[in-house]
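Q: This structure is in structure tokens; I'll ask about it shortly.
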């Protein structure tokens with residue numbers, strides 16, 4: 001498996017009236033070909049900003065790219081000029097958004113919206129693009145694609161719209177699919193359909209997936225490797241098995257314990273006390289120490305670095321580092 | 001009716017009329033809740049699960065008389081409350097409260113917490129004006145909000161704290177029944193556990209009964225004693241949580257359980273992937289409403305509606321695989 005994307009020391013800040021929000025503060029990760037990388041964290045931890053930054057979708061200002069590189073197929077995604085990034089978007093890297101209700105344009109037909117990317121990137125004419133759109137709808141399992149291709153988004157249910165989004169995203173055989181909470185707005189039975197569809201298509205065209213979600217169950221279901229983010233930083237990164245069976249960062253451990261698990265009898269859920277701190281007023285030292293059950297004095301003073309405690313298992317916690 | 005239950009509903013129906021599509025044509029109906037019966041025992045938590053549009057929220061609201069039932073009966077502590085109006089209904093409302101899903105839109109942004117939580121006391125004449133702040137402070141302590149924050153407005157609180165305020169508002173009247181309509185689905189993962197635990201603690205302290213409406217099966221399963229599964233306006237299975245977990249009878253329940261992701265990447269479950277989406281409740285399918293998506297559908301399923309039957313003790317299901325049927 002070759003390396004597809006390497007992100008180094010990514011920093012995105014937002015300048016707002018209340019101060020500077022360090023939304024992403026030094027994030028390193030990589031994705032190999034054909035692999036699924038899960039990014040998990042609570043709202044405001046910077047997971048979506050990281051993904052949007054890769055496609056230069058962050059409005060600047062108020063956003064600012066403070067530093068970092070994202071190497072993809074020989075170029076730095078963060079610094080491509082607008083013509084070049086447009087050749088990447090929807091072509092080599094495509095994205096699925098959370099809200100299937102709002103991410104389709106209500107005044108264009110589905111065929112029109114899928115066909116646009118195809119015409120743009122593959123140089124087909126309108127008729128060929130529509131044929132390809134029908135093919136894509138068929139691929140994502142929409143019944144009667146010839147009729148559906150001429151319909152408008154409001155005629156489709158949430159699950160169908162998300163299928164259309166996936167069809168649109170995959171129409172140019174991307175090398176990387178960024179899925180930002182693709183199933184959060186959907187019911188569980190439809191979520192199962194969509195996840196199965198994504199994994200199925202991934203095998204067919206050997207693409208990589210960057211799966212962003214707050215749902216640990218979805219991560220367990222699809223990811224090969226997992227990154228856990230908290231307050232704009234990566235706190236733990238390892239293969240999926242280690243994250244769920246041998247979590248080393250207290251935040252990961254507490255997060256896993258706070259989710260009710262079907263089939264496991266628990267009398268009381270473990271709570272994580274307090275709330276996620278606001279990003280322009282972060283506590284000194286380790287960001288997690290005010291909520292951490294295992295925090296020591298030293299945690300209030302020093303912000304821990306991400307270090308490799310076991311092969312492939314990176315953790316940003318000084319206490320965990322000392323233990324191992 | 002008096003069988004010792006706190007709440008009994010019998011064949012409850014709630015239809016919504018749609019606008020006419022043609023000038024003299026018939027008005028179509030949304031069969032949101034279509035014949036639901038169950039009993040809620042004192043001190044019990046009944047979970048109500050189902051996908052969006054299955055009528056679970058409508059059912060909750062109809063029980064509370066926030067919506068008028070189209071047909072059927074509701075009994076509260078043995079008394080028929082279906083037709084109550086005016087003053088009697090108001091008296092009843094102090095006994096039955098609701099916690100809403102969205103803590104951002106369910107609190108009035110122009111009122112302070114003291115008013116949001118305390119006004120119900122005044123409305124029901126349960127406390128003299130001077131007593132209200134003290135009562136509010138007490139209840140805020142119980143739900144884990146600092147009493148000094150009583151004069152703050154909703155926007156000064158986080159989502160989890162707002163949900164606690166919503167709980168305090170329901171609790172201050174000392175109700176016997178609280179309907180929790182998706183109480184944690186708008187909250188962050190780490191906050192969900194706090195609110196779920198709080199609901200559990202309060203239940204013990206105030207001897208409450210809950211109807212917990214949620215789409216997240218693992219949350220419902222964690223909190224409930226018994227679980228009712230809804231599909232297109234009907235309860236299709238009702239049993240204790242243990243039985244539902246170990247031996248779900250209805251094919252829809254089986255598919256629903258198998259679709260819930262487990263927190264273990266090594267355990268790949270055998271998935272039952274349902275085809276298609278939930279049909280529209282305006283035109284529910286004939287016979288069993290689940291038959292177009294059912295992986296065990298038989299010929300009879302499309303023709304006759306299955307009966308609600310006690311397949312095993314304490315285990316009810318509505319499916320042709322288990323028992324008799326009636327002509328449609």
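Q: Does residue B:233 satisfy the criteria of being at positive phi and in contact with a helix residue (DSSP H, G or I) (Cβ under 6 Å, 6 or more places away or on another chain)?
A: No, not satisfied.
Q: Hey, among the residues in segment B:39-74 that are closer than 21 Å to residue B:254 by Cβ and modelled with pLDDT of 90 or more, which one's surrounded by the fewest Cβ atoms within 10 Å (Cβ to Cβ)?
A: So, considering only residues that are closer than 21 Å to residue B:254 by Cβ and modelled with pLDDT of 90 or more, the one surrounded by the fewest Cβ atoms within 10 Å (Cβ to Cβ) is B:46.
Q: Just to be sure I understand, how many residues within segment A:81-91 are surrounded by 18 or more Cβ atoms within 10 Å (Cβ to Cβ) and either without any contact (Cβ under 8 Å) to a residue 12 or more places away in the chain or assigned to a loop (DSSP other than H, G, I, E, B) (or both)?
A: Total meeting the criteria: 2.
Q: Something else now. Tell me, yes or no, whether segment B:97-104 has at least one residue that is more than 24 Å from the chain's Cα centre (by Cα) and touching a residue at least 24 places away in the same chain (Cβ under 8 Å).
A: No: zero hits.
Q: For segment B:227-246, what are the residues that are surrounded by fewer than 22 Cβ atoms within 10 Å (Cβ to Cβ) and in contact with a strand residue (DSSP E or B) (Cβ under 8 Å, 6 or more places away or on another chain)?
A: Correct list: B:240, B:241, B:243.
Q: Right, something else. What number of residues within segment B:156-191 are within 14 Å of another protein chain (Cβ to nearest Cβ) and at negative phi? Walk me through how you get there before you give the answer.
A: Filtering segment B:156-191 down to residues within 14 Å of another protein chain (Cβ to nearest Cβ) leaves B:156-164, B:182-191.
Keeping just the survivors that are at negative phi gives B:156-164, B:183-191.
Here the count works out to 18.
Q: Quick one: would you say residue A:252 is surrounded by 19 or more Cβ atoms within 10 Å (Cβ to Cβ), under 22 Å from residue A:320 (Cα atoms) and within 20 Å of the chain's Cα centre (by Cα)?
A: yes
Q: Does residue A:264 satisfy being touching a residue at least 12 places away in the same chain (Cβ under 8 Å), closer than 25 Å to residue B:192 by Cα and at the interface with chain B (Cβ under 9 Å from one of its Cβ atoms)?
A: Against the criterion (touching a residue at least 12 places away in the same chain (Cβ under 8 Å), closer than 25 Å to residue B:192 by Cα and at the interface with chain B (Cβ under 9 Å from one of its Cβ atoms)), residue A:264 does not qualify.
Q: Can you find a residue that is within 11 Å of chain B (Cβ to nearest Cβ), outside any helix (DSSP H, G or I), under 28 Å from residue A:19 (Cα atoms) and at pLDDT below 85 anywhere in segment A:278-295?
A: Yes.
Q: What about residue B:317, is it within 16 Å of residue B:230 (Cβ to Cβ), in contact with a helix residue (DSSP H, G or I) (Cβ under 6 Å, 6 or more places away or on another chain) and crowded, with 18+ Cβ neighbours inside 10 Å?
A: Answer is no for this residue.
Q: Taking interchain pairs and intrachain pairs at least six residues apart, which have beta carbon atoms under 6 angstrom, with the first residue in segment B:127-150 and under 12 Å from residue B:171 (Cα atoms) and the second assigned to a loop (DSSP other than H, G, I, E, B)?
A: B:135/B:127; B:139/B:172
Q: Tell me the residue from A:179, A:192, A:169 that is out of contact with any helix residue (DSSP H, G or I) (no Cβ under 6 Å at 6 or more places or on another chain), under 15 Å from residue A:140 (Cα atoms) and buried (at least 24 other Cβ atoms within 10 Å of the Cβ), please.
A: Criteria check complete, one pass: A:169.
Q: With respect to the numbered conditions (1) under 30 Å from residue B:200 (Cα atoms); (2) without any contact (Cβ under 8 Å) to a residue 12 or more places away in the chain, which one is the sole condition not fulfilled by residue B:20?
A: Of everything listed in (1) under 30 Å from residue B:200 (Cα atoms); (2) without any contact (Cβ under 8 Å) to a residue 12 or more places away in the chain, residue B:20 misses just condition (1).
Q: Inside segment B:214-328, counting only helices (runs of 4 or more DSSP H) that do not spill past its ends, which hold 2 or more residues that are more than 9 Å from chain A (Cβ to nearest Cβ) and under 25 Å from residue B:182 (Cβ atoms)?
A: B:241-246, B:251-259
Q: Then there is this: Of all residues being out of contact with any strand residue (DSSP E or B) (no Cβ under 8 Å at 6 or more places or on another chain) and under 18 Å from residue A:238 (Cβ atoms) in segment A:205-227, which is surrounded by the fewest Cβ atoms within 10 Å (Cβ to Cβ)? Just the residue, please.
A: Filtering segment A:205-227 for residues that are out of contact with any strand residue (DSSP E or B) (no Cβ under 8 Å at 6 or more places or on another chain) and under 18 Å from residue A:238 (Cβ atoms), the one surrounded by the fewest Cβ atoms within 10 Å (Cβ to Cβ) comes out as A:217.
Q: Looking at the structure I just gave you, is residue A:318 out of contact with any helix residue (DSSP H, G or I) (no Cβ under 7 Å at 6 or more places or on another chain) and more than 29 Å from residue B:266 (Cβ to Cβ)?
A: No, not satisfied.
Q: From the list B:113, B:36, B:49, pick out the single residue that is touching a strand residue (DSSP E or B) at 6+ places or on another chain (Cβ under 7 Å) and closer than 24 Å to residue B:160 by Cα.
A: B:49
Q: Tell me which residues, restricted to segment A:135-145, are assigned to a loop (DSSP other than H, G, I, E, B) and either more than 28 Å from the chain's Cα centre (by Cα) or more than 12 Å from chain B (Cβ to nearest Cβ) (or both). It would help to see each step written out before you state the result.
A: Just the residues of segment A:135-145 that are assigned to a loop (DSSP other than H, G, I, E, B), to begin with: A:140-144.
Hits for segment A:135-145 are A:140, A:143, A:144.
Q: Any idea which of (1) within 14 Å of chain B (Cβ to nearest Cβ); (2) within 30 Å of residue A:21 (Cα to Cα); (3) assigned to a helix (DSSP H, G or I) is the one residue A:101 doesn't satisfy?
A: (3)
Q: Report yes if residue A:50 is touching a strand residue (DSSP E or B) at 6+ places or on another chain (Cβ under 8 Å) and closer than 20 Å to residue A:184 by Cβ, otherwise no.
A: Yes.
The values are calculated or read from the model by the stated rules, or taken from the named source; none is laboratory data. A quick note: this is a predicted structure, and the numbers were derived from the prediction, not measured. Note: ideal-geometry Cβ built from the backbone for every residue, glycine included; neighbour counts use all protein chains shown.
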